[in-house]
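Scroll down for the structure; my scribbles are underneath it.
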Amino acid sequence: MGIKRRVRVKPEFSLAAMIDIIFLLLMFFMLTSKFVTPNALNLQLPSSSSKTMASPDLAVSVNIKGDYFVDGVRTRKESLEAVVGAKVRASKESPNATTVTVVAEKTVPLDYVVYILDIANRLKVKTILATDERPEDK
C-alpha cells in the first residue's frame, strides 16, 4: 500500500517588518516630542507672524502678578537667577547651547521681561520670546 505522506508546512512569522515599524514609530515620537512644549500656565501670549519653532531647553514664565515660574515651578524673584543658573549648568549639552524661552503674558510690564533677559545675559545663554500666531495668520 503506497500511502503518501503530506508535506507539512510550518507557519512562520517574520518579525523583521514589525521591528522596522516599531523602530520608525519610536524615532517619530522621539523627534516630535522635542517640539511639544507643555504649557502648564494659562498665559495669553503676545501675537507674532513669526513661525520659528525652537526646541525648549528651559522655559521661564512670568504672569501679570509678577510671579516667576521655571519650567512650571513657581520661583521667587530673588532666587530666580540661582535656579536658572543651576538648570543651565545641569543641562546635558554645553551651557552655551542652552536656550531660555521667555513666556510672558501680553499685559506683563516690560520690567519683568527685562529682568529675565538680564539674568540670561549674565549667564550667557540665548533667549527666545514665546508668542502666539496672529489671528489673521491662523
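The values are calculated or read from the model by the stated rules, or taken from the named source; none is laboratory data. This one's a predicted model, so the numbers in the text were calculated from it and none came from an experiment. For neighbour counting, all protein chains shown are included, and Cβ atoms are generated from backbone atoms with ideal geometry for every residue, glycine included.
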Scan segment 48-76 residue by residue and report those that are closer than 21 Å to T99 by Cβ, of a type in the set (A, V, I, L, M) and at pLDDT 65 or above. L58, A59, V60, V62, V70, V73
Can you find a residue that is at pLDDT below 85, touching a Lys or Arg at 6+ places or on another chain (Cβ under 6 Å) and of a type in the set (S, T, Y) anywhere in segment 84-96? no
For the list (1) modelled with pLDDT of 80 or more; (2) touching a strand residue (DSSP E or B) at 6+ places or on another chain (Cβ under 6 Å), I need the number of the one condition that L45 fails. (1)
Against the definition (among the aromatic types (F, W, Y) and at pLDDT below 90), how does F28 come out, yes or no? yes
Just for segment 121-138: of the residues that are more than 23 Å from A82 (Cβ to Cβ) and assigned to a helix (DSSP H, G or I), which one is modelled with the lowest pLDDT? D137
Checklist (1) modelled with pLDDT under 80; (2) over 29 Å from R89 (Cα atoms) applied to A16, failing item: (1)
Could you give me the residue pairs with C-beta distances under 8 Å whose first residue belongs to segment 100-123 and is within 12 Å of N63 (Cβ to Cβ), whose second residue is assigned to a helix (DSSP H, G or I) wherever it lies, and which are 6+ apart or on separate chains? A104/Y112; A104/V113; A104/I116
